[in-house]
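Chemist: The structure follows.
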Amino acid sequence: QVQLVETGGGLVQAGGSLRLSCAASKRTLSNYILGWFRQPPGKEREFVAALSRVTNFQYYADSVKDRFNISKDNAMNTAYLQMDRLKPADTAVYYCAAGLSVRAVRDQDDYSDWGPGTQDTVSS
């Protein structure tokens, strides 16, 4: 089991940027498929982005495509989510997730390990 901890959340004005980090321990993150999910206030948790294990193919929700970028640094054992041109609708608790056997990258049930989450608030 890999342990994940997200950092980098905070308060930002609309149009601004935030970079979330997801530090992994106990396991090598390069062996996992990585995902970012978010839970807006009063709503269900939803898929944001994912990164495949070997080819580093990126997947994005339509709502964040062309604004967010998922990446990882194997040497640092850390995943990232760069978020640009933020909107108030991006306000949520953001979670990173990892899984060894993920069939559907947009399905949170396929991920085995989760961080505690970090709050991002975008003001208008």
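Rule-based calculations on the coordinates, nothing more; no lab input. Nothing here was measured: the structure is a model prediction, and the numbers come from that model. Glycine also receives a Cβ, built like all others from the backbone with ideal geometry; neighbour counts cover every protein chain displayed.
Chemist: Where in segment 9-24 is the amide nitrogen less than 20 Å from a point lying 7 Å along the Cα-to-Cβ axis of residue 76?
Modeler: Zone members listed by number: 9-11, 17-24.
Chemist: Separate question: Could you work out how much longer the chain between residue 100 and residue 14 gets when fully extended? Use 0.36 nm per residue separation minus the Cα distance between them, nm to one decimal.
Modeler: Details: separation 86, 0.36 × 86 = 30.96 nm, distance 3.54 nm.
Length gained between residue 100 and residue 14: 27.4 nm.
Chemist: What is the P(r) of segment 47-105, as percent of Cα-Cα pairs per 10 Å bin from 0?
Modeler: Per 10 Å bin, starting at zero, the Cα-Cα P(r) for segment 47-105 comes out as 19, 56, 23, 2 percent.
Chemist: Pick from 78, 28, 55: which residue has the top mean-square fluctuation in a GNM of the chain where Cα pairs under 10 Å get a spring?
Modeler: 55
Chemist: Would you report the distance distribution of C-alpha pairs in the chain as whole percents per 5 angstrom bin, up to the bin with the largest distance?
Modeler: Computed distribution, short to long bins: 2, 12, 24, 27, 20, 10, 4, 1.
Chemist: How much of the DSSP bridge set in the chain is antiparallel, in percent, rounded to the nearest 5? Let's see the in-between values first.
Modeler: On the way: 37 of 40 bridges.
Beta bridges within the chain, antiparallel portion: roughly 90 percent.
Chemist: Right, next: Identify all lysines with a Cα-Cα distance to residue 72 below 19 Å; exclude those on the same chain that are fewer than 8 residues away in sequence.
Modeler: 26
Chemist: At a Cα cut-off below 20 Å, give the aspartates and glutamates reachable from residue 87, other chains included and same-chain residues fewer than 8 away excluded.
Modeler: Residue 87 reaches 44, 46, 62, 66, 120.
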